[in-house]
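Worksheet for the structure shown next.
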Amino acid sequence: MDTTIDTAQNLPANAPPELPTSPGPGSPESYVHLAPPYRMDATRSNEERIEIIKKGIVIEHAAYTAAMDYAYWILSQPDGTPGRGMLLMGEPGAGKSTFGEELARACKGPIVMISAEGARSMREVYGRVLQALDGPVAKSMHTPDRELAVIRLFRALQVRAFVVDEIQDLAKGTQREHERVLLSIKYLSNTARIPLICLGAPESEQTFRMDKHLAKRLRPFKLPLWKLDQSFADLVSNIEATLPLRKASALRNEEALRYLIDISGGSLREIMARITCAAVRAILSGEECLTLQGLKDAEFPPARPGTGDGVNG
Ligand SMILES: Nc1ncnc2c1ncn2[C@@H]1O[C@H](COP(=O)(O)OP(=O)(O)O)[C@@H](O)[C@H]1O
Ligand SMILES: [Mg+2]
């Protein structure tokens, strides 16, 4: 693994009035440690940069990109092409829902995304689809009526894809409920002739074991639990290159990478949470870069405004 520490730093001359210890905003070109599309962000005010960091930036790591490329591929096939589908699996916090949301955001035309969390019957699943579409859904509405309403809405709104998150929950009912819900999902995507994109826990392939046809059309993809290897070093470099900090960070070394894996158990959610907190603290303190010590200190959130120098711990 390449564990070279990137020591390149930029120290623009002018300090902003609110934080004398922080380097002032230089020109975007001076932030060579950032990827070009993110350099402008580093020129913004502290408040704006903190907002950008808190909002989160989606990192297109290799496993994410492989899954997204396939999703785009099946979505780009002519309307009505049958049998299109995929199943994206990963541990909680791996980025499955983020993937679904990004797909829905980036895709032209509506994508319906629901969570099957706690849903064991098709009646509930249809209810959630209708809710997602702001369609009519009376409690008394029976399953066949719901099904009809869903199919009509899919057609009328020219829905491009059906995304079902937490798909493993469909297997938590009785065997009969499970069989019926799989049949209905298959019927729905066959009738609407749109791609079916399932997101779920690592064991989700088991959810489809009872329906070989459905299982076959769902190409499997996995989002990893991160470990200390080249891919993780690349992920962290990627993150460093997008965060609007004004100096080059120094996390691409074995000690810092190992620390991140240890505290997160490899979960991207935990990794991003710690890095986000460290990045906000780095702006508030004027340090303007991520370091191993900064990551350790970021176990604690920054102090509330007006209660100190903005950082504690
Ligand atoms: N591709 C990504 N790039 C950056 N951060 C991500 C990415 N995917 C997930 N995350 C972070 O992990 C958190 C959990 O992701 P989420 O999609 O909810 O996981 P899951 O649905 O697999 O439980 C997100 O809120 C975000 O902070
Ligand atoms: Mg999720």
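For W73 and N190, compute 0.36 nm times the residue count separating them, minus their Cα-Cα distance, and round to one decimal in nm.
Details: separation 117, 0.36 × 117 = 42.12 nm, distance 1.82 nm.
Length gained, W73 through N190: 40.3 nm.
So which lysines pass the test for K247, namely a Cα distance under 21 Å, with those fewer than 8 places away in the same chain ruled out?
Excluding near neighbours in sequence, the set is K54, K55, K296.
Placing +1 on the Cβ of each Lys and Arg and -1 on the Cβ of each Asp and Glu in region 62-222, which of A201, L75, I114 has its Cα farthest towards the positive end of the resulting dipole?
The one lying farthest along the dipole's positive direction is L75.
Using a simple spin-label model with points 7 Å from Cα along the Cα→Cβ vector, what separation in nm is obtained for E255 and D134?
Placing both labels 7 Å beyond Cα along the Cβ direction yields 5.5 nm.
Leaving out same-chain residues fewer than 8 places away, which aspartates and glutamates sit with a Cα under 13 Å from that of K139?
Qualifying aspartates and glutamates at Cα under 13 Å: E124.
Rounded to the nearest 20 Debye, what is the dipole magnitude of region 136-191 about its Cα centre when Lys and Arg each give +1 and Asp and Glu each give -1 at the C-beta?
220
Going by amide H atoms built from the backbone, whose H comes under 5 Å of the H on A161, apart from near neighbours?
V112
Using a Förster distance of 51 Å, how high is the FRET efficiency between S237 and E177, based on the Cβ-Cβ distance and rounded to 0.05? Show your work: numbers first, answer last.
Details: r = 46 Å, r/R0 = 0.91.
Efficiency, rounded to the nearest 0.05: 0.65.
Just to verify a number: FRET efficiency for K216 and E60, C-beta to C-beta distance, R0 = 30 Å, to 0.05? Spell out each step's value before the answer.
On the way: r = 28 Å, r/R0 = 0.94.
E between K216 and E60, to the nearest 0.05, is 0.60.
Estimate the FRET efficiency between A156 and E117 by the formula 1/(1 + (r/R0)^6), using the beta-carbon distance for r and 22 Å for R0, to the nearest 0.05.
Calculated value: 0.20.
What residues qualify as long-range amide H neighbours of R252, i.e. H under 5 Å apart, gap of 5 or more or another chain, H built at 1.01 Å from N?
Counting only residues 5 or more places away or on other chains, the set is D6.
Just to check I understand the Karplus step: with θ = phi - 60° and J = 6.51 cos²θ - 1.76 cosθ + 1.60, what whole-Hz values come out for region 31-37, glycine and proline as x?
With coefficients 6.51, -1.76 and 1.60, one gets 8, 5, 6, 9, 5, x, x Hz.
Throughout, read-outs are computed from the coordinates displayed, never taken from laboratory work. Only a predicted model underlies this, so the values are computations on that prediction, with no experimental measurement involved. Reconstructed Cβ throughout: ideal geometry from the backbone, glycine too, with neighbour counts over all protein chains shown.
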